[in-house]
Structures are given as structure tokens and as C-alpha cells.
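Working notes, structure below.
The values are calculated or read from the model by the stated rules, or taken from the named source; none is laboratory data. Remember, predicted model here, so these are calculated numbers, not experimental data. Because the Cβ atoms are built from the backbone with ideal geometry, glycine has one as well, and the counts that use them run over all protein chains shown.
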Amino acid sequence: MEGLSEAINSRDILQHRSQTGRYPEFIETNMNSETFLQEILGMVNDFCRGLDDQPPAYSYIPLRTDEERIRVMKSRLFNELRAADLFGTWLKTTPEFEVKAAMAESAHEEMEHADLLSKRIRELGSDPFDYRPLPAQVAMFNAIEGLSDTCQRVAGFSLAGEAVATYLTQKSLQAESVPEWIKQPYRRITEDEEGHGSMPQVILKRYATTDERQEAARRAVAMRLVLFREYLSSLDRWAMGKDRW
Ligand SMILES: [Fe+2]
Ligand SMILES: [Fe+2]
């Protein structure tokens, strides 16, 4: 690796490769985390595609009454608040400076989202905070809260969770069956999410560079998707008045 920390250009890289038969370590590492990133993005994309045929209540698309829509909004308000909690809780145990900074910002942003949704619910004449979280929803957040490694947290929560949320929110913004009073706050929310959408990927590319960290993060994504599915099904039943949860 001598000399590579100074001027790195493509000639150096090719020379290194012809002499040693390998790319310099920093490139192999990045290729490795890039491949890993593509793999977990694939898991998340498959999950999203799987929701296309029957958009869940979470997307507001199948809902027919404002009562049902307010239920879903309250449930999603709880998610915003819980997300703020998680980011805040993780600050102290996140040593990587730029990740800590991003989490602090996210905690604030999630509170702004919560503010938007709670105001909207109140305007509709309902109490935003009388919501009792669904058991599957509580389980999902508690499980995520237990993730201890930065890569697990970023992959399982930020990358997997927010990607699914943004995917479904975009669908609702395009759907004719979703009224304007719902679309309004979500336009702002999606703008925020899209604004820093690539941050989890940058973090994972930088830090998910060992087999151990990748495997832990992969499992966190799988766990998140399993639990997200349960939450979505539960929300379908409860919001549309079919069951208690
Ligand atoms: Fe949010
Ligand atoms: Fe967010």
C-alpha cells in the first residue's frame, strides 16, 4: 500500500494491480461494501414490489372514510415520534462523528414530521395522542431499539424502514383515492426524506466493510422487513375495522 495514500490515480491503481494481482486494499474494500449495499437494497426493493398489488392501509390508498384515514395518520404519527426517540437514544452509543451528527438532525426532523401530522389530526377534530400502538408496532420499534452496531441501526432502521415508508408515501401522493388533506403534510415529509435519502448508503459503504458487520446489518434488514410486514398487516386489520390489531 506504499505510496497509495499520497497521489492516487488510475495509473497507480493499475500498476498496483499488475504488480500484485490485486486492486489496492481501499478499492477492494469499497467494492465489497458496494456489493453488500446492492444486496440489501435488493431485499428492500423486493419487499416494496411485493406491496404493489395490494397497497396497504399505511399508504392510505385502500381507505374509504376519514375515520379510517385518521387512524392510520395517528399510527404513523406514533412512528415519527418513536423514530425521534430512537435517533436520540442512539446518539450516546454512536462513536462515528458524521453518523452521530446525522442522527441528531434526524431526531429533530422526525419531531417536525410529528408536529405536521399532529396538527393535521387536530384540525380534523381528533386527538392525535389518544392512539394506542399496535402490538406489532411496539415489537418492531423495541426490536430495532435493541440493535447495537451503527451498521445494523443504519441498515435496519434508516435504510430499510425509511425506504419502504418513502416508497409507500410516494404511492399515496400519486393516488387519486387519497385526499389532499393527507397529501399536504406528506409532501413535506417526503421532501425531507428524499433530501437525505442517500445518507444511509454513504454510511454503510464507509463502515460495512467486514463480513461480521455486513452479516449483522443483513440480519437487521431481514428482521426489520419481517416486523414491518406484521405491522402493515396489523394496521390493515385495525384501521379498516376488521380486528382489534
Ligand atoms: Fe419522518
Ligand atoms: Fe425519517
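Matching residues to (1) under 27 Å from Leu204 (Cα atoms); (2) modelled with pLDDT under 95; (3) not small (Gly, Ala, Ser); (4) not in a helix (DSSP H, G or I):
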{"site": "Val72", "(1), (2), (3), (4)": "no, no, yes, no"}
{"site": "Ser75", "(1), (2), (3), (4)": "no, no, no, no"}
{"site": "His108", "(1), (2), (3), (4)": "yes, no, yes, no"}
{"site": "Ile121", "(1), (2), (3), (4)": "no, no, yes, no"}
{"site": "Leu168", "(1), (2), (3), (4)": "yes, no, yes, no"}
- [ ] Go through the stretch 106-115 and count every residue that is more than 10 Å from ligand 1 (Cβ to nearest atom) and under 15 Å from the mean Cα position of the chain (by Cα).
- [x] 1
Open item on the list: When the residues of the stretch 60-82 are narrowed to those that are aliphatic (A, V, I, L, M) and in contact (Cβ under 8 Å) with a residue 60 or more places away in the chain, which ends up farthest from ligand 2 (Cβ to nearest atom)?
Closed with: Leu63
Task: Selected residue [without any contact (Cβ under 8 Å) to a residue 60 or more places away in the chain and either away from ligand 2 (no atom under 16 Å from the Cβ) or within 19 Å of Phe78 (Cβ to Cβ) (or both)] from Ser172, Ser177, Ser148, Ser198 - done: Ser148
- [ ] All but one of (1) within 16 Å of ligand 1 (Cβ to nearest atom); (2) outside any helix (DSSP H, G or I) hold for Gly125, so report the exception by its number.
- [x] (1)
- [ ] Being of a type outside the set (D, E, K, R), free of Cβ contacts under 8 Å to residues at least 60 places away in the same chain, farther than 24 Å from Leu232 by Cα and surrounded by 14 or more Cβ atoms within 10 Å (Cβ to Cβ) is the filter here, so list the residues in the stretch 92-123 that pass it.
- [x] Thr94, Met103, Ala104
